[in-house]
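First the structure, in the form of structure tokens, and then the observations on it.
The values are calculated or read from the model by the stated rules, or taken from the named source; none is laboratory data. What you see is a predicted model, and the numbers here were worked out from it, not measured in a lab. Cβ atoms come from the backbone with ideal geometry, glycine included; neighbour counts cover every protein chain shown.
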Amino acid sequence: GAVVSQHPSWVICKSGTSVKIECRSLDFQATTMFWYRQFPKQSLMLMATSNEGSKATYEQGVEKDKFLINHASLTLSTLTVTSAHPEDSSFYICSARGANTGELFFGEGSRLTVL
Amino acid sequence: GDSVTQMEGPVTLSEEAFLTINCTYTATGYPSLFWYVQYPGEGLQLLLKATKADDKGSNKGFEATYRKETTSFHLEKGSVQVSDSAVYFCALLGYGQNFVFGPGTRLSVLP
């Protein structure tokens, strides 16, 4: 089946630094990918929709300058958390929709801890 | 807008007990319905799905039937195992082609 891979799985960084998380569709092309944020014991919050070759569409309340999304190819989207602060610590999950079934395939998630 | 409501957790069961996790939805038109499972420290995996009314999705002993008349998609399993301990998310894919997730229900199965 379709596979979506995220990297890194875990990242710890100092406050004020930037962190990049990659999301790759390994065996299919994804024109659209989604980035979610999950707080402990809570559901997924859609942050933005990443569109290949164009600007991402951000959900209300998500700072686009804080969470930079780049979808440079049909198999790669990146999320960069700029000038990270401890409150940005969270579990970030990406997903991509299969072209034929419409099913949503998820990456393994990336846990960010900002010290 | 579209929305998904799930029963509040956490749900704690003994091994081999019967499981039901309720899910109801509100949507325009006829959405596709999904159950996703998230094991500790991992991303989400599709558990089962149903794309039209009266469809039954099933996988790994879990079942859910798309009930249009009650706008429900309850998840059931006849005999749970410790390995089923996870968070279960009900979701819909609506007319706007965006996924909407429920809040998740945490299941703990005790040996």
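Identify, from the list B:GLY94, B:GLY61, B:GLY104, the residue that is at positive phi and at pLDDT below 95. Working first, answer last.
On the way: B:GLY94 fails: at positive phi; B:GLY61 fails: at pLDDT below 95.
That would be B:GLY104, the only listed residue that is at positive phi and at pLDDT below 95.
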Out of everything in segment B:46-62 that is surrounded by 13 or more Cβ atoms within 10 Å (Cβ to Cβ) and not in a strand (DSSP E or B), what residue ends up being nearest to the other protein chains (Cβ to nearest Cβ)?
B:THR51
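How many residues are of a type in the set (Ser, Thr, Tyr) and over 18 Å from A:PHE106 (Cα atoms) when one looks only at segment A:47-72? Can you show your working first?
Taking segment A:47-72 first, the residues of a type in the set (Ser, Thr, Tyr) are A:49-50, A:54, A:57-58.
Restricting the remaining residues to those that are over 18 Å from A:PHE106 (Cα atoms) gives A:54, A:57-58.
Summing the residues that are of a type in the set (Ser, Thr, Tyr) and over 18 Å from A:PHE106 (Cα atoms) in segment A:47-72 gives 3.
Report whether or not A:SER95 is among the hydroxyl-bearing types (Ser, Thr, Tyr), outside any loop (DSSP other than H, G, I, E, B) and either within 19 Å of B:TYR36 (Cα to Cα) or over 15 Å from the mean Cα position of the chain (by Cα) (or both).
Considered against the rule, which asks whether it is among the hydroxyl-bearing types (Ser, Thr, Tyr), outside any loop (DSSP other than H, G, I, E, B) and either within 19 Å of B:TYR36 (Cα to Cα) or over 15 Å from the mean Cα position of the chain (by Cα) (or both), A:SER95 comes out as yes.
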So, in segment A:98-115, of the ones that are in a strand (DSSP E or B) and farther than 14 Å from A:ARG37 by Cα, which residue ends up farthest from the other protein chains (Cβ to nearest Cβ)?
A:VAL114
Any residue in segment B:92-111 that's within 12 Å of chain A (Cβ to nearest Cβ): show its pairings with residues that are of a type in the set (Val, Ile, Thr) and in a loop (DSSP other than H, G, I, E, B) at Cβ separation under 9 Å, as long as the two are six or more apart or on different chains.
B:LEU93/B:THR51; B:GLY94/B:THR28; B:GLY96/B:THR28
So which residues in segment B:5-21 are surrounded by 15 or more Cβ atoms within 10 Å (Cβ to Cβ) and within 22 Å of B:THR71 (Cβ to Cβ), if there are any at all?
B:THR5, B:GLN6, B:MET7, B:GLY9, B:VAL11, B:LEU19, B:ILE21
Suppose we filter A:THR31, A:THR57, A:THR80, A:THR113 for residues that are in contact with a Lys or Arg (Cβ under 8 Å, 6 or more places away or on another chain) and surrounded by fewer than 19 Cβ atoms within 10 Å (Cβ to Cβ); which single one remains?
A:THR80
Show the residue pairs that are 6+ apart or on different chains and have beta-carbon atoms under 6 Å apart, the first residue being within segment B:29-45 and within 11 Å of chain A (Cβ to nearest Cβ) and within 16 Å of B:LYS68 (Cβ to Cβ), the second being surrounded by fewer than 19 Cβ atoms within 10 Å (Cβ to Cβ) and modelled with pLDDT of 90 or more.
B:SER32/B:THR51
Filtering segment A:33-44 for residues that are at the interface with chain B (Cβ under 9 Å from one of its Cβ atoms) and assigned to a strand (DSSP E or B) leaves a count of 4
From (1) more than 14 Å from every other protein chain (Cβ to nearest Cβ); (2) part of a loop (DSSP other than H, G, I, E, B); (3) not aromatic (Phe, Trp, Tyr), pick out the condition that doesn't hold for A:GLN60.
(1)
